[in-house]
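Structure, as structure tokens:
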């Protein structure tokens, strides 16, 4: 049974980088390799067709992912005791690339996206925060942590 995806127009934009990873997996030599995305898309009841004609957006999303992952890797290699706050991570698992025992990782997102992500990533020890980055209520919840890296 497929999961019906009901997101607002702002939250829907997270599906573009997600779809980009899936489309790149279909290539012989994908520039990103995220098999979990391929598994997830088969389980979603959603019309992805509207994004198929956004070829350059899909490529740009993959390139952005590579660049940010590289920056994060360099930073966390140099500052291993850092804490990370990832803002709006879509259906991506950037944090799986790092040693979660050494790198505390926090998610900041909107509630409907957190719920969708938890369907697929329940086994992952992650402390999600629901709320908008445009509001201040989440700041108190992470204030006692030393945040060294904020990424999106």
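Here are a few things to note about the model shown:
- FRET efficiency, residue 43 to residue 12 (Cβ-Cβ, R0 25 Å, nearest 0.05): 0.90
- Springs join every pair of Cα atoms under 10 Å in this Gaussian network model of the chain, and among 55, 24, 36 the largest mean-square fluctuation is at 55.
- Label corresponding to Cα extents along the principal axes in Å when calculated from the structure given, among (1) 36, 35, 33; (2) 53, 37, 27; (3) 43, 32, 27: (3)
- Ordered by the number of other Cβ atoms lying within 10 Å of each residue's own Cβ, fewest first, 25, 111 fall into the sequence 111, 25.
- Sequence of 61, 73 once ranked by neighbouring C-beta atoms within 10 Å, starting from the fewest: 73, 61
- Order of 21, 94, 64, 117 under a 10 Å beta carbon neighbour criterion, fewest first: 64, 94, 117, 21
- Principal-axis analysis of the Cα atoms of the chain puts helix 111-120 at an angle of about 70° to the longest axis.
- Relative contact order of the chain, pairs being alpha-carbon contacts under 8 Å that are 6 or more residues apart, as %: 24 percent
- Acute angle (nearest 10 degrees) that the helix 55-78 long axis makes with the longest principal axis of the chain, alpha-carbon atoms: 20 degrees
Every number here is computed from the coordinates shown, using simple stated rules; none is lab data. Here the structure is a predicted model, which is why all the values come from computation and not from measurement. Note: ideal-geometry Cβ built from the backbone for every residue, glycine included; neighbour counts use all protein chains shown.
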